[in-house]
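J.: Right, I'll just put the structure down here and ask away after.
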Amino acid sequence: MDSTQFIVTIQEVNSQCKVKDTVQVAIYETPQLTVSNPAAVCQPNSIDVSLNNPMYTGSYLPSGSSVSLFNTSFTQGYSNPLIDSGVYQVIVSTSFCADTAQFIATVHQKPDLVVTPQLVITNCENTYDITNSPNVLLTPNYAVKSYFWDDILTQVYPIHRL
């Protein structure tokens, strides 16, 4: 914040009487937003839109700036982090000045996997396309890139197309 002192003089037209006083004018810095869409995430992760997110690269964010999130008509507020996909308005403000911008957040739903009955693979070559099995249902229709074979999610195996 910059502050400047001015002297204000008022003179009455008929009597030529004058009065003067000083006034202090404070000039506050205004945030200037340049916002890109934040990186998409998959559930159960969420999107942190705090001021340290790279989505604000190129913005001017004065010290003490804060973030508020709304829908596009500013009728519904949201808290950080975001857990749902959508179009959001972000307001970055200081004590007296603000700027606003719009962005799109993408939170992909986690696919459901139902295996019924228990899938038994009896292929001695260790190659089996589980995505074409009538016993495996992925909802909604997701393209599967890889799967974990063990319960502790340590070994990733690619899906082999037969």
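The values are calculated or read from the model by the stated rules, or taken from the named source; none is laboratory data. Computed from a predicted structure; not experimentally measured. Cβ atoms come from the backbone with ideal geometry, glycine included; neighbour counts cover every protein chain shown.
J.: Only one of (1) touching a strand residue (DSSP E or B) at 6+ places or on another chain (Cβ under 9 Å); (2) touching a residue at least 40 places away in the same chain (Cβ under 8 Å); (3) surrounded by 14 or more Cβ atoms within 10 Å (Cβ to Cβ) is not met by CYS97, so which one is it?
T.: Single failed check for CYS97: (1).
J.: Does at least one position in segment 52-66 carry a residue that is surrounded by 16 or more Cβ atoms within 10 Å (Cβ to Cβ) and part of a strand (DSSP E or B)? Break it down stepwise before answering.
T.: We begin by selecting, within segment 52-66, every residue surrounded by 16 or more Cβ atoms within 10 Å (Cβ to Cβ); these are 53, 55-56, 59, 61-62, 65.
After this cut, where a residue has to be part of a strand (DSSP E or B) as well, the list is none.
So far as segment 52-66 goes, no, none of its residues is surrounded by 16 or more Cβ atoms within 10 Å (Cβ to Cβ) and part of a strand (DSSP E or B).
J.: Any residue at all in segment 8-27 that's at negative phi and surrounded by 11 or more Cβ atoms within 10 Å (Cβ to Cβ)?
T.: yes
J.: Just checking, does segment 15-37 include any residue being modelled with pLDDT of 90 or more and of a type in the set (Asp, Glu)?
T.: yes
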